[in-house]
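The values are calculated or read from the model by the stated rules, or taken from the named source; none is laboratory data. All figures in this text were calculated on a predicted structure; none of them were measured in a lab. Here the Cβ positions follow ideal geometry from the backbone for every residue, glycine too, while neighbour counts run over all protein chains shown.
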């Protein structure tokens, strides 16, 4: 019964006391404190002038209370009067022990009347009245009396081992009866009636919550929360947070009030609030702020909001400093202003992760760095990092474009699976487009990898990758600055920095290196680290080195090889990257002192990352330098130097062409004495021909170009008497002049090719002249006549005889007893050098098989001119490389608006060119006769407009002499129609070649074969009946049918497996490409036997 009286008294006081705070200046405060206190000698009665009780408990005024509150002398532990002090009972923090009081008793009505008077005095609304047992928590003065509001209030208690509530209405499920007890702070036990589930919030449900009848508060056990919800409970000075340990998300919040932590959002302080704070009315501190002269007023939040707006929405703390009364009244009030939120909103503080992934490759962080302000010599501008969260090992891939992220990611996944026999489970990155493409997400779904993306403009959520990029770039700047290495070597510094970071102890890993965590048994540094950028000497192991040549090559140290146990050393002179252990280092001598080398020097860097340990990853290397300074015929994929492949004696003269270096600027040309002499000779020729006259600039005239006299002739201009390079009239004027001279020597201009001139003597001898601007080729079987022609041309023009034809407009000509070879090897190597692709990984095909490129795929290039110039050079390369024709025709279709995907296709062509730069046409010696043409079409092959691609290749005997691949001008409605249009183009080519051969003196009397792999198209060329479905191609039908009837061509069927023109209409695989090259007569005379 005693325990019941305690709980019943608590509940009665809890319901009677209003949820308000009493002002300390009020005369009613002592009465309320006396009513709330369990015991205390500090209480004093104003009626009988005796301590220990208040006027409402005075036995003189209320004799009926004497018997009710009296107790036997020498009572138990809690005995004695209510105003007395028990022996073992503390003064504060206890629950007052009172008996039940009827709701209709006079004392209870008098107490209600006093509370109503108190509320009227404060100007607040009257609290709701209720009957029944009450409870109050007593604390030291000044105090706050907490009562229940309309919603259950939960207090976080770290001393409770289970959740407890005092009302059955809080349960959300049927309760289960149990017979247990709970021990409270004063040592007593309270019975537990039942347990069940209770709803903490809309998404949090508590299980096995104890029901303690008449318990004043709802307690949340911190230990039960942490275990059941798998969360961390974070206590801060003014709030508390519940954070999920798996997702790291905040799913619950609380606030601090009066030293206790409450779950949920703080309630507004009002008449119906669950807390009553002690305050005094606000005082206007000066008459300036109070024009009305009022010294005090009843506090109102409207007054606070008004002064907040008057002072320009000042901070609430500043208002409290200005008005101390506000501070007393609202120190616990969560003041909010919509205007301040819209005008002063700041970002929320980011709570960092507290745990790492449990094992290797559970979580991968990734980020893209770039673009670099300085383009690397290997043309790289970006790099992508992949960081393992558990080991913090880093893999770096260099990139030219962001679109390469997907290919590097797939390579990374395959490497992890192969080398470590595991898979990646999660990847975290930002919202960059390279990470949210369809192909990237498809790969993640295929591999069952979860993708974690950061919120927009929230890089701190990807902090591991962001800090790793900062760490890498800090090391890169140190490496470049330490030895004065030029900035265009930054990509090599990135690879070296990653290699070193993976082997350096980390604070995050408790002093261990990332590589040691990933591979505990591995050696951190298999070779001794060296100073990046220092001078080193690499042993020259070239097989072409003689006994008088240097035994070492002076190089710059640029890091460590990823494919071998050696150092990476680069020679800017020969543009060769060495991977060797036979290196001597001058650790204090920088390679670059004051002068900076030409950034055009090519570096052969790997596209592969630096893994935490040496892995057998293919890294392309440069060709080995030959004694004469030229590059070897074929670039080896081996890391070490490789000897030059032996060439036939009759073809050895071609290598001399490679030693000619073309300057890229006037300044570079002036450094070479040979180019200086050539420039002087050109100027002397112009002066001898009286190309210009120096005159004063006439009035109202202006100059064209930059032909203005300098020095002593300053102020004069050059008045041209003859056309020179750079003027639109110069080609036509020059060709007109040349034609007059050649025709005066009994030459006849060829009708099929106006740049070809033919002269035949009565003895049957012939001389042929072919001209391209001012480059002339003279051939024929009349040796004495050729000498006379040269003398005649020398009289009319200032010409230079270059001897037998070896190099003409970038085409190298080589002769032997086996035949004549035409190639563009030097042109190809120059193209690879200018684009930084000499060190790329070779490709086996010009284009990825079955690849379809659309006009909208990828991002627009910022400078289309780079793409246009590059494709233009590739177009000229197809003069001797038929295997590039289809790929180049595809990329040339996007010249007006190139994108990154189109540029990737161009780079793939360059990679294929790297595999065989010396491949060309070989015309074998012997008699060849007969024209034949293979035609083919790829029906509706264009993805953008569904137009077909037609092609043909023409042979004279077994020699390929012409070829073409072009998209048709109209859309074909059937495959037969597309094939027939290709046959029409092949027929036109045969007619032109027959006319040209006839003029050159070759007898062409037999019919030319026109091969096609479509029988319907062949039947159309011989059938005399026109169908409704063929009316729209009637012109082509009549054109071909006329040539068939006249015997000029003979249509023939060829199986698709033997169709040579198939490689001109689609991208094919390596095996089919190899057989097609043999049929076309393409060989590489520079390849090793």
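Brief remarks on what is shown
- Any chance residue 574 is closer than 26 Å to residue 833 by Cβ and at pLDDT below 90: yes
- Screening 385, 346 for residues that are without any contact (Cβ under 8 Å) to a residue 24 or more places away in the chain and within 30 Å of residue 246 (Cβ to Cβ) leaves exactly one candidate, 346.
- Any pair with Cβ under 7 angstrom, 6 or more apart, that starts in the stretch 317-340 at a residue that is assigned by TED's automatic domain parsing to the domain that holds residue 255 and at pLDDT 75 or above and ends at one that is crowded, with 17+ Cβ neighbours inside 10 Å and part of a helix (DSSP H, G or I): none
- Test for residue 742: is it outside the structural domain of residue 1002 (by TED's automatic domain parsing), in a helix (DSSP H, G or I) and free of Cβ contacts under 8 Å to residues at least 60 places away in the same chain: yes
- With respect to being at pLDDT below 85 and buried (at least 16 other Cβ atoms within 10 Å of the Cβ), residue 723 fits the description.
- Output for the stretch 982-1013, where each listed residue is in contact with a helix residue (DSSP H, G or I) (Cβ under 8 Å, 6 or more places away or on another chain) and in a loop (DSSP other than H, G, I, E, B): 1004, 1013
- Of the strands (runs of 3 or more DSSP E) contained entirely in the stretch 180-244, those carrying at least 3 residues that are in contact with a helix residue (DSSP H, G or I) (Cβ under 9 Å, 6 or more places away or on another chain) and surrounded by 15 or more Cβ atoms within 10 Å (Cβ to Cβ) fall at 189-201, 204-211, 231-235.
- Looking at 440, 409, just one residue is surrounded by 20 or more Cβ atoms within 10 Å (Cβ to Cβ), modelled with pLDDT of 90 or more, in a helix (DSSP H, G or I) and assigned by TED's automatic domain parsing to the domain that holds residue 490, and that residue is 409.
- Of the set (1) surrounded by 20 or more Cβ atoms within 10 Å (Cβ to Cβ); (2) under 19 Å from residue 384 (Cβ atoms); (3) more than 16 Å from the chain's Cα centre (by Cα), all apply to residue 399 but (3).
- Count of the stretch 542-568 residues, restricted to those that are touching a residue at least 60 places away in the same chain (Cβ under 8 Å), over 14 Å from residue 582 (Cβ atoms) and not in a strand (DSSP E or B), is 6.
So that you can scan it fast, the table gives a plain yes or no per residue for (1) closer than 27 Å to residue 253 by Cβ; (2) at pLDDT below 85:
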site	(1), (2)
189	no, yes
192	no, no
200	yes, yes
210	yes, no
222	yes, no
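- Screening residue 485 against (1) in a helix (DSSP H, G or I); (2) farther than 27 Å from residue 248 by Cβ; (3) modelled with pLDDT of 90 or more leaves a single unmet condition, (1).
- Check on residue 237, within 43 Å of the chain's Cα centre (by Cα) and over 17 Å from residue 154 (Cβ atoms): yes
- Taken as a whole, the stretch 860-872 holds no residue that is within 28 Å of residue 1057 (Cβ to Cβ), in contact with a helix residue (DSSP H, G or I) (Cβ under 8 Å, 6 or more places away or on another chain) and not in a loop (DSSP other than H, G, I, E, B).
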